[in-house]
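Take a look at the structure below.
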Amino acid sequence: MDSFEELLHKRRSIRDFEGREVPLSLIREIIRESTLAPSASHGQPWRFIIITDRGVMKRISDACKGALLERIEAHPELPLSGYKSALENRAFNIFYNAPCLVYIVGPADVGSVEVDCALAASYLMFAAARRGLGTCWIGLGTPLDDPVIREEIGLPDGYRIVAPVIVGYPASIPEPLPREEPNILKIIS
């Protein structure tokens, strides 16, 4: 990328990836840059779990789909219900068969953990885009309740998943959706 402005315009949510793996050294480099994000009181509560085993990602996808379908069953009025048919499809992988999943997690008892980890996720996505990689924040990958899988991936007790981000080489890049002009409620000067 030639400029930060170009990076802002070119970063897209990618859900279609080439089959090739992303080198772990590159993922580590991107994560290192993501920790340059600001955090409340410089607490840096983020922690990272890197998963490149597609079998593990598929098991996580299936576990999350089950948890989400239970939520829909209990509360059909939720907007989440719009995903019901996709979640019921056994072939649907919520991680779009990406070669890498990075879970950004943090201590559940830290009041700013959501904002802090979201900022780290933003930095991660821009750092990846700068290197020609595609990313997508997969909110459907958050409800990982299965204790066996949580232990397998090293998610500590008392930590919550804030940002599941898939990473890979884009097979295709969608055109940007139109953006509305900023809605400035008021200017006081």
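The values are calculated or read from the model by the stated rules, or taken from the named source; none is laboratory data. What you see is a predicted model, and the numbers here were worked out from it, not measured in a lab. No Cβ is skipped: glycine too gets one built from the backbone with ideal geometry, and neighbour counts run over all protein chains shown.
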Practice item. Identify all residues within segment 145-161 that are in contact with a strand residue (DSSP E or B) (Cβ under 9 Å, 6 or more places away or on another chain) and either in a loop (DSSP other than H, G, I, E, B) or farther than 20 Å from Cys117 by Cα (or both); write none if there are none. Key: Ile153, Gly154, Leu155, Pro156, Gly158
Point to revise | Total residues in segment 135-144, condition part of a helix (DSSP H, G or I) and touching a helix residue (DSSP H, G or I) at 6+ places or on another chain (Cβ under 8 Å) | key: 2
Point to revise | Every residue from segment 119-157 that is free of Cβ contacts under 8 Å to residues at least 60 places away in the same chain and of a type in the set (Val, Ile, Thr) | key: Ile138, Val148
Exercise for review: Quickly run through segment 48-94 and pick out the residues that are among the hydrophobic types (A, V, I, L, M, F, W, C) and either touching a Phe, Trp or Tyr at 6+ places or on another chain (Cβ under 6 Å) or not in a helix (DSSP H, G or I) (or both).
Suggested key: Phe48, Ile49, Ile50, Ile51, Met57, Leu78, Ala86, Ala91, Phe92, Ile94
Exercise for review: Exactly one condition in (1) over 14 Å from the mean Cα position of the chain (by Cα); (2) modelled with pLDDT of 95 or more is not met by Ile31; state its number.
Suggested key: (1)
**Study point:** Single match in Ser3, Ser13, Ser25, Ser34 (criterion: over 13 Å from Ala127 (Cβ atoms) and in contact (Cβ under 8 Å) with a residue 60 or more places away in the chain)
**Key:** Ser13
Point to revise | Count - residues of segment 162-187 that are touching a residue at least 12 places away in the same chain (Cβ under 8 Å), of a type outside the set (A, V, I, L, M) and not in a strand (DSSP E or B) | key: 4
Exercise for review: Return yes when Ala127 is closer than 17 Å to Glu33 by Cα, out of contact with any helix residue (DSSP H, G or I) (no Cβ under 9 Å at 6 or more places or on another chain), modelled with pLDDT of 95 or more and among the aliphatic types (A, V, I, L, M) and no when it is not.
Suggested key: no
